[in-house]
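Student: What follows is a single structure, and I will ask about it in a moment.
Please treat every number below as a calculation from the coordinates, not as lab data. On a predicted model such as this, the values are computed, not experimentally measured, just so you know. Glycine gets a Cβ as well: all are built from the backbone with ideal geometry, and neighbour counts include every protein chain shown.
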Amino acid sequence: MTEIVLNEIKRDEKTEGKKNNFIRLLKFYLLPGWRDPEFTAMQNKIEMIKSKRRLFRRLLSPLTMIGLVMILFIVVLAVYAPWLTPYTIDHLASPYLPPDGINFADPTPAHPLGTTKFGYDLLGRLIWGARTTLTLAAIPVIISLTGGIIFGTISAYFGGLVDTILMRFVDFMYSFPTIILVIIITPMLGGSLVNVVIVWGFLFIPANMRFVRSLVLQVKQNLYVRAAVTGGADKMKVMFKHVFPNTISPMIISIFGAMGLTVLGLASIAYLGIGDQTLADWGTDIMYSIARMSAVGPAFWPGLFIGITAIGFILLGDGLRDALDPRLKI
Amino acid sequence: MIRKSQNMIKYIIKRILIMIPMLIMVLIFTWLLSHMMSVNPVSNKIGFNLDPDVYERELRRIGYYDPWYVQLGIYLQNFFTGEWGKSYIVLPEKPVLEIIASIFPKTIELMIFPIVIVPIIAVKLGVLSAKNKNKSKDILIRLIAILGAGFPVFWIATLLQRFVGISLSRFTYGAIAIEVVYSNSPDLDGPPIDNFPPFMNNLFSFLFFLLLILGIILLYKNFNNFRDSKRNKNLIYTILGSLIIIISLVPIILLVIAFFENSYGTGFRIIDSLLYNDQIYLWDTLIHLFLPVISITFVSLAGITRLTRSSMLEVMDQDYIRTARAKGVLEKDVINKHALRNALLPTSNLIIGGTASALLGSLFVEVTFNYRGFGFYMVQSIFAGDFLVINGLLVFSVIIILTGTLVADVMYTVIDPRIIYR
């Protein structure tokens, strides 16, 4: 069937020229529901079945686009930070005190959103905080996903005693409330933000372990795995060449959800006071704003940006999951 | 049926037996944590400046130099005999069990409204959102849900505190940290001696008694009229009657416990102020609880709505829904009976698990509003380094979470009778 379609397209090229064909192809891929009046009904149906079009069309839903715009906004803030504000990072965080700064000042042309405690410029801290947030949110996700993949595939693939021991350990770690454990363990290692981030990553390994294990168990039942084992592949090859590539797409979707949760969690821990004061973090901004109850700006804007980041990641994750496979329970 | 309930009981016993070694492992883990983080406890009592001999003798008396297994054994022995230690920084010289018993009711008061109301409203909203997919109602509900799920809860709490709290403070009578029930009534100087048990003395306590009688009457009439035609009517009266009995029995049981402990209150401010007819105190408590409850409700609604919506959407694509519609079942029955019952399973897991972890106090809301609940004391004792209190509170939270997961697993079989545990 596809050969018939290709022949028709080639014939169209000869009679109508490349430019018209290209315009028709563009319209077909971008405009949803547009039907070319020159194609026959059968070829139209063939084109509709092709999954590439439906995937792209499903990704273009309005809420996903909003999420993408939010994340792009934060990424632009993070990347182009030195050009967007005249203050550098040295003038916006802890070891530096602005010599003639007023705490919690009203907005002036020099400080477009006002100042926070100690006289730092709020807009500058918001823009430079985007770098902190994105970096600090990526690290626990990577740590927990790597640990989850390693231990999850081991426990799912080998089964038996190893599986039972690892799942008992996961149940044990599930019975603790995570945030309280982070607050307890971090001062033991010295209280900086990097330690918080690493501890957070390690504490989310059990959840990812269970998730990856369920994915691998689902894939392992397929016939091609048994065929590979019968064909003589050793365990390592089966695990990484046959089983693992089929479990990547739910993992990629779970990355977005995990990043949203991590942004919220790290902001919460910074709000309690555990954190690095030498970084321009949004959570510490909200903590600073408690000092003066009548100033709404220093409390409003950092939280809004935290919310935009988290909502963007959640929406993107949802949109990707709806486009790829709506039945995934992530 | 008999076989299923026998299996169920065996399953519950097996789970409880597994919980005990897990609890011991949790105890060892928390002891290890507190051992690694413990500041020298004697230095806070005596101080560094005094005689080093006194210092060392005190440490030796406490058992600071004992080997680790001796310390662990003493700790476990103390735990199971009920002596969980005394706090020394957060609430000086108060036993940890007493701290938990006096603080936990405040957190229960904070969370009772979200725990009861949020699942009902959120499931309804999720069903509504899945029914009109991609129409205006759906987009509005999804918008509110994503706002609640994305914005941090302490930010919503802080904004509410600034905008609404300042005007609300005109209506309160003081700080909520006052412990005594009768402190806001201007006439009373001491405990109302003649007023115990306060069943018949004032209107509100009489109301609880009346409710109990009403519930008993309802159930009696219900079970005596089995020849009634509609099944649903009987079900509603049964549920309503049993709920009324439970609601009215709670303060009575608590009062009985308080009577045996020789104290004049139950620990729950709302129930105490209703029973002792102290309207000022009741109003004060409700106004103080208003804003934290709104923050928690908003955030919990978001999560459950999103989960219900996605599982409903997944169920509505199934074949049996199409069969039910083709058969001629009413649309509301298709959704509320056939689709919702199959979609409720992951939601129930989240609701019960969320209840268990919500009872531990939402840390951030309590810290923002300075409400002395479970989460507040947890954070304060971690920052102060009071490791006995941390141990006690952490073990308590673990017990609650484990019980919550057990209840959730048992609920699976109630919701979906096809699931059997072997």
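Student: Based only on other Cβ atoms within 10 Å, what is the fewest-to-most ordering of A:Thr88, B:Thr30, B:Thr172?
Tutor: Values: A:Thr88 12, B:Thr30 22, B:Thr172 16.
Fewest-to-most ranking of A:Thr88, B:Thr30, B:Thr172: A:Thr88, B:Thr172, B:Thr30.
Student: Go ahead and set up a Gaussian network model of chain A, Cα springs under 10 Å, then flag whichever of A:Lys18, A:Lys27, A:Lys117 fluctuates most.
Tutor: Maximum fluctuation in the GNM of chain A, among the listed residues, is at A:Lys18.
Student: Between B:Ile419 and B:Ile144, how high is the FRET efficiency from 1/(1 + (r/R0)^6) when r is the Cβ-Cβ distance and R₀ = 22 Å? Nearest 0.05.
Tutor: After rounding to 0.05, the efficiency reads 0.10.
Student: Test of understanding: ordering A:Phe28, B:Phe268 by Cβ neighbours within 10 Å, fewest first, what list do you get? Intermediate values should be presented prior to the final figure.
Tutor: Values: A:Phe28 15, B:Phe268 19.
Ordered from fewest to most neighbouring Cβ atoms within 10 Å, A:Phe28, B:Phe268 come out as A:Phe28, B:Phe268.
Student: If each DSSP helix of 4+ residues adds -39,500 (n - 2.57) and the sum is divided by the residues in chain A, what number results at 222 nm, nearest 500 deg cm²/dmol? Walk me through the intermediate numbers first.
Tutor: Working: 15 runs with 224 residues, N = 330.
My calculation for chain A gives -22000 deg cm²/dmol from helical runs alone.
Student: Please compute the Kirkwood hydrodynamic radius over segment A:162-281, one decimal place, Å, based on all pairs of different Cα atoms.
Tutor: Hydrodynamic radius (Kirkwood, Cα pairs) of segment A:162-281 is 16.9 Å.
Student: What length, rounded to one decimal in nm, is gained on full extension from B:Asn7 through to B:Arg162, with 0.36 nm per residue of separation minus their alpha-carbon distance? Walk me through the numbers before you get to the answer.
Tutor: Numbers: separation 155, 0.36 × 155 = 55.80 nm, distance 5.46 nm.
Using 0.36 nm per residue and subtracting the Cα-Cα distance, I get 50.3 nm.
Student: What Kirkwood radius, in Å to one decimal, follows from the Cα pairs of segment A:119-193?
Tutor: On the way: mean 1/r = 0.0639 Å⁻¹.
15.7 Å is the Kirkwood radius here.
Student: Quick one: order B:Thr347, A:Thr64, B:Thr238 by neighbouring beta-carbon count within 10 Å, fewest to most.
Tutor: Details: B:Thr347 24, A:Thr64 19, B:Thr238 14.
Going from sparsest to densest Cβ surroundings: B:Thr238, A:Thr64, B:Thr347.
Student: For segment A:102-157, what number results from the quotient of the Cα radius of gyration and 2.2 N^0.38 Å? Before the final figure, lay out each step's value.
Tutor: Details: Rg = 20.2 Å, N = 56, 2.2 N^0.38 = 10.2 Å.
Working it through for segment A:102-157, the quotient is 1.99.
Student: Report the full-extension gain for the segment A:Ser94 to A:Ser294: residue separation times 0.36 nm, less the Cα-Cα distance, to one decimal in nm.
Tutor: Details: separation 200, 0.36 × 200 = 72.00 nm, distance 2.33 nm.
Gain in length upon complete extension: 69.7 nm.
Student: Rounded to the nearest 0.05, what FRET efficiency is calculated for A:Trp34 and A:Ala110 with R0 set to 45 Å and r the Cβ-Cβ distance? Please report the intermediate quantities before stating the final value.
Tutor: Details: r = 52 Å, r/R0 = 1.16.
Computed FRET efficiency for A:Trp34 and A:Ala110 comes out at 0.30.
Student: Further, regarding this structure: Using a 7 Å offset from the Cα along the Cα-to-Cβ direction at both A:Lys27 and B:Phe290, what is the distance between the two label points in nm, to one decimal?
Tutor: 6.1
Student: Could you give the nm distance between label points at A:Trp83 and A:Phe56, where each point is 7 Å from its Cα heading toward the beta carbon?
Tutor: For the pair A:Trp83/A:Phe56, the computed spacing is 2.9 nm.
Student: With all pairs of different alpha carbon atoms counted, what Kirkwood hydrodynamic radius in Å does segment B:305-422 show? Numbers along the way, then the final one.
Tutor: Working: mean 1/r = 0.0581 Å⁻¹.
Averaging 1/r across every pair of different Cα atoms and inverting gives 17.2 Å.
Student: A further question follows. Given points 7 Å out from each Cα along the Cα-Cβ axis, report the B:Tyr69 to A:Ile139 separation in nanometres with one decimal.
Tutor: About 4.0 nm separates the two model spin labels.
Student: With springs only between Cα atoms under 10 Å, which of A:Leu72, A:Leu26, A:Leu145 fluctuates most in a Gaussian network model of chain A?
Tutor: Judging by the Gaussian network model, the answer is A:Leu26.
Student: Starting from the Kirkwood radius over alpha-carbon pairs of segment A:217-280, derive D by Stokes-Einstein at 10 °C in a medium of 1.306 mPa s and give it in µm² s⁻¹. Intermediate results must be reported in sequence, preceding the final value.
Tutor: Numbers: Rh = 15.0 Å.
Translational diffusion coefficient: 106 µm²/s.
Student: Further question on the same structure: May I have the convex hull volume per residue, in Å³, for the Cα set of chain A?
Tutor: Details: hull volume 66.0 nm³, N = 330.
Dividing the Cα hull volume of chain A by its residue count gives 200 Å³.
Student: Applying 1/(1 + (r/R0)^6) with R0 = 30 Å to the Cβ-Cβ distance of B:Met36 and B:Val410, what FRET efficiency is obtained, to the nearest 0.05? Please report the intermediate quantities before stating the final value.
Tutor: Values: r = 37 Å, r/R0 = 1.22.
Computed FRET efficiency for B:Met36 and B:Val410: 0.25.
Student: At 0.36 nm per residue, and after removing the present C-alpha to C-alpha distance, how many nm does the segment from B:Lys94 to B:Leu249 gain when stretched out fully?
Tutor: Numbers: separation 155, 0.36 × 155 = 55.80 nm, distance 3.05 nm.
Extra length available between B:Lys94 and B:Leu249 comes to 52.8 nm.
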